[in-house]
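Notes follow the structure.
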Amino acid sequence: MNLQEALQDYLHYIQAVDQKSLATIHFYTQDLQEYLSWLQMQGKTEMEDILPRDIQSFLSDMEQGDIQEDGLCYKRSSVNHMLSSIHMFHRFISMNHPSILDPSIHLRGGKKEQKLPLYFNPHDIELLLDSFGQDAQGLYQKAILELLYGCGLRVSEVCELRINQVHLEQGYLRVIGKGDKERMVPMHERCMRVLRTYLTQIRPTWEKRKSTRVFLNSRGNVLTRQYVHTLIKQRLQALGLDERLSAHSFRHSFATHLLDGGADLRVVQELLGHSDIATTQIYTHVQNRRLKEAIDQYHPRSVKKEK
């Protein structure tokens, strides 16, 4: 079976039968096109030709920087994500074409390095959110960041948000997250206020053609992830805030500030849409680090304080 034919069969399945979101399909397509391009460079043209060692070599090249033209190495998390995409692709092909074996079946991802997330302190996040003007553009941009911080949404979730997922009267969003999992996320009053203003006063004047997306710019185009990342980078520079912070730092801040305020870890897990509590527990490591820093700085018996 030809590689590209197999890819088209799989993409058709996840779109038409599995009904994955456009964002999910986009990520799978990117991963698998990169994987198949590498295989073709190795002289592999048929699915039957692929061996377990081919997949291992591809993943090794990713880690060592032999895939990208700029020589950058992929992080362990990205390599594991790629392996997951490869697993699902080969599983689908082998199930639908029994004569083609699954070469990925015994391959496992490596342990992902755990890095503590960067987050805003409450003062800086307030400074940033209060820095927007009251004009249409300012309210549009503020509404985007309010959902990132006030609801803990991923950038992709904000970009993909539809009108029928917003329930202002009841005060919550119906969010479609990773793996097309649905969760209900309450909105606080300030978040609802700016979103209501955008939806009722600004969006109707910007909508050039009928769209179900919540966020449209002044030209009627849908919100993109690139726009969000650029907006945040520019705002951080303008305010002199830590430029290592990113769009995902809003989500980290949402979780960290909730836990600091006494929220239960299970509640935060549900709000973030994490399927595994272990994913949410990284925020307890953030708290532990801060507690240790407080002891080191303020306790009279601290060795660091004596220096």
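No value in this document is a laboratory result; all are computed from the given coordinates. Since we're looking at a predicted model, the values are computed, not measured. As a convention, Cβ positions derive from the backbone with ideal geometry for all residues, glycine included, and neighbour counts pool all protein chains shown.
Here the chain was treated as a single set of alpha-carbon atoms; its pair distances binned every 10 Å from 0 give 5, 21, 27, 24, 16, 6, 1, 0 percent.
For the chain, the longest principal axis of the alpha carbon atoms and the long axis of helix 247-260 meet at an angle near 60°.
Among the listed pairs Lys20/Lys210; Lys75/Lys178; Lys75/Lys181; Lys181/Lys208; Lys178/Lys208, which have their C-alpha atoms separated by more than 27 angstrom in this model? Too far apart for the 27 Å limit: Lys181/Lys208; Lys178/Lys208. Projected label points at Thr284 and Gln137, each 7 Å from Cα along the beta carbon direction, are separated by 4.6 nanometres.
Close amide H pairs (under 5 Å, H built 1.01 Å from N) link Phe215 with Leu223, residues at least 5 positions away or on another chain.
Residue separation of Ile25 and Arg183 scaled by 0.36 nm, minus their Cα-Cα distance, works out to 54.9 nm of gained length.
The three principal axes of the C-alpha atoms in segment 3-96 carry coordinate ranges of 37, 29, 18 Å, sorted with the longest axis first. Considering only Tyr10, Met88, Ala238, and ranking their Cα positions along the charge dipole of the chain that arises from unit charges at the beta-carbon of Lys, Arg, Asp and Glu, the one farthest toward the positive end is Ala238.
Using C-alpha positions alone, give me the convex hull volume of segment 122-296 per residue in cubic angstrom. Numbers along the way, then the final one.
On the way: hull volume 21.8 nm³, N = 175.
Enclosed volume per residue, from the Cα hull, is 125 Å³.
Relative to the longest principal axis of the Cα atoms of the chain, the long axis of helix 225-239 makes an angle of roughly 40 degrees.
Normalised by 2.2 N^0.38 Å, where N is the number of residues, the C-alpha radius of gyration of segment 153-225 stands at 1.09. The gain in end-to-end length when the Arg213 to Gln226 segment is fully stretched comes to 3.0 nm, 0.36 nm per residue minus the alpha carbon separation. Comparing Leu107, Leu118, Leu272 in a Gaussian network model of the chain where C-alpha atoms under 10 Å apart are linked, the largest mean-square fluctuation is found at Leu107.
With no solvent and one equal point scatterer placed on each C-alpha of segment 97-202, evaluate the Debye formula and give log10 I(q)/I(0) for q = 0.17, 0.18 Å⁻¹, two decimals. Once normalised to I(0) and log-transformed, intensities are -0.87, -0.94.
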